[in-house]
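Have a look at the structure below, then the notes.
The values are calculated or read from the model by the stated rules, or taken from the named source; none is laboratory data. All figures in this text were calculated on a predicted structure; none of them were measured in a lab. Here the Cβ positions follow ideal geometry from the backbone for every residue, glycine too, while neighbour counts run over all protein chains shown. Remember, those area values only see protein heavy atoms, side chains included, never the ligands or the DNA or RNA. Shrake-Rupley method; radii C 1.70, N 1.55, O 1.52, S 1.80 Å.
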Amino acid sequence: MEKRATTTRAVVLRLDDLSLPPRRLTVPSRLPVSHLLRALPQPLLESSSFYLTADGRPLLLSAPVASLPPSGSVQLRLRALRGGGGDGGATGAESRDCYLSMYLAKKPDKADPNEARLSRFTCCALSGEPLAAPAVADRLGNLFNKEALVEALLHKRLPKALSHIRGLKDMIPIHLHPKPDADAAGEEVRFQCPVTGLDFNGKYQFLALRKCGHVLSVKALKEVKTSACLVCHKEFDEADKMPLNGTEDEVAALRLRMEEERGKVKEKKEKKVGNGLSGSKHAAAAVMAGGAEKLENGKKGEAPSLKRFKAGDHAPAYANKEVYASIFTSSKKSDFKETYSCRSLPLGRN
Ligand SMILES: [Zn+2]
């Protein structure tokens, strides 16, 4: 029989260019170097053009991990200056090539136990520290320790790749179910599905329910057909299911949704401002009309359907009708005048 011992190598992936702490990984030696990148959140890689170096020499992403120098230290370098571009440092072609070769290299080892993927389920995507409560997910399904993320946000130290996280509203609190005795045993996988008991280790799909934050395996929700959280029984919609560390397609869908929601919020805000303005105009007119009505209390019955506000009709008994009406610029239809402080539009037309 053929002996197939899996030799592994300890590699330190340095992320100085991204202002992130290094990731310590144990990777099967025969896998390509590109495998190391799977420890990083996907948006980080999509948004930057980068290359890897070891001992100052550029590395081919397809080179096997076994070929790394004895130090096992790999540096991720950004090609362009951060926030730059158009400086000749990077071309789209290079970036695309990196991206493609990375994903092309991914396929052969699909079934392998995957340390790098494991770390995305056990560690904060920003600090690299073990995930612990209180934990949050961003809107793309990356996992963080809340403290690390809030701290970075406050001090504006979030890497550009995570710029889709703009504030607390972009952090979805999640509740990870602790795996019994995992801490005591010093296990790396410390969470599991509260229903099926599947490990939160990257081998199974998990999702968070956005309303209550409970993290469940996809399997649990497939087995139990329900529209209520299996932990807290809070009702949820299909749209509340958010894949954690999802596939490329899932992340793309989440990104689209995030952009749609942002668009809607923006639209709503703009609408609100618009409404606010015209609302206050109407309110002012109503106050005027109301005031006039009060004065005219006795005559109120005469104009039961106030289709169009005519100031002249509401003039107080002691007022000159025409003068009173002239306060309201629309009383003289022939010449609407705008002054420095008053935008004159006929009432009823604004
Ligand atoms: Zn719940």
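Could you pull out the residue among L100, L44, L25, L36 that is at pLDDT below 70 and within 24 Å of F144 (Cβ to Cβ)?
Checking each option against the conditions leaves just L44.
Open to solvent by 20 Å² or more (accessible area, probe 1.4 Å), more than 24 Å from P130 (Cβ to Cβ) and away from the ligand (no atom under 16 Å from the Cβ): is that true of R166 in this structure?
Against the criterion (open to solvent by 20 Å² or more (accessible area, probe 1.4 Å), more than 24 Å from P130 (Cβ to Cβ) and away from the ligand (no atom under 16 Å from the Cβ)), R166 qualifies.
Here are the criteria: (1) open to solvent by 30 Å² or more (accessible area, probe 1.4 Å); (2) farther than 26 Å from A116 by Cα. Tell me which single one T196 does not satisfy.
(2)
Is at least one residue of segment 169-185 small (G, A, S) and on the phi > 0 side of the Ramachandran plot?
No, that holds for no residue.
Considering L176, L158, which residue is within 16 Å of the ligand (Cβ to nearest atom), at pLDDT 85 or above and closer than 24 Å to L25 by Cβ?
Step by step, each of L176, L158 is checked, and only L176 is within 16 Å of the ligand (Cβ to nearest atom), at pLDDT 85 or above and closer than 24 Å to L25 by Cβ.
The conditions are (1) under 22 Å from E260 (Cβ atoms); (2) out of contact with any Asp or Glu (no Cβ under 8 Å at 6 or more places or on another chain); (3) assigned to a loop (DSSP other than H, G, I, E, B); (4) within 16 Å of the ligand (Cβ to nearest atom), and K211 fails exactly one of them. Which is it?
With respect to (1) under 22 Å from E260 (Cβ atoms); (2) out of contact with any Asp or Glu (no Cβ under 8 Å at 6 or more places or on another chain); (3) assigned to a loop (DSSP other than H, G, I, E, B); (4) within 16 Å of the ligand (Cβ to nearest atom), K211 is out only on (2).
Let's see how each residue does on (1) open to solvent by less than 70 Å² (accessible area, probe 1.4 Å); (2) under 23 Å from A39 (Cβ atoms):
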{"position": "D170", "(1), (2)": "yes, yes"}
{"position": "A184", "(1), (2)": "no, no"}
{"position": "L221", "(1), (2)": "yes, no"}
{"position": "H233", "(1), (2)": "no, no"}
{"position": "V251", "(1), (2)": "yes, yes"}
{"position": "R255", "(1), (2)": "yes, yes"}
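Being more than 9 Å from the ligand (Cβ to nearest atom) and outside any helix (DSSP H, G or I) is the filter here; which residues of segment 216-240 pass it?
Answer for segment 216-240, where residues must be more than 9 Å from the ligand (Cβ to nearest atom) and outside any helix (DSSP H, G or I): S217, V224, K225, T226, S227, E235, D237.
Report the residue count in segment 138-178 for those that are assigned to a helix (DSSP H, G or I) and touching a residue at least 24 places away in the same chain (Cβ under 8 Å).
The number of residues fulfilling the criteria is 8.
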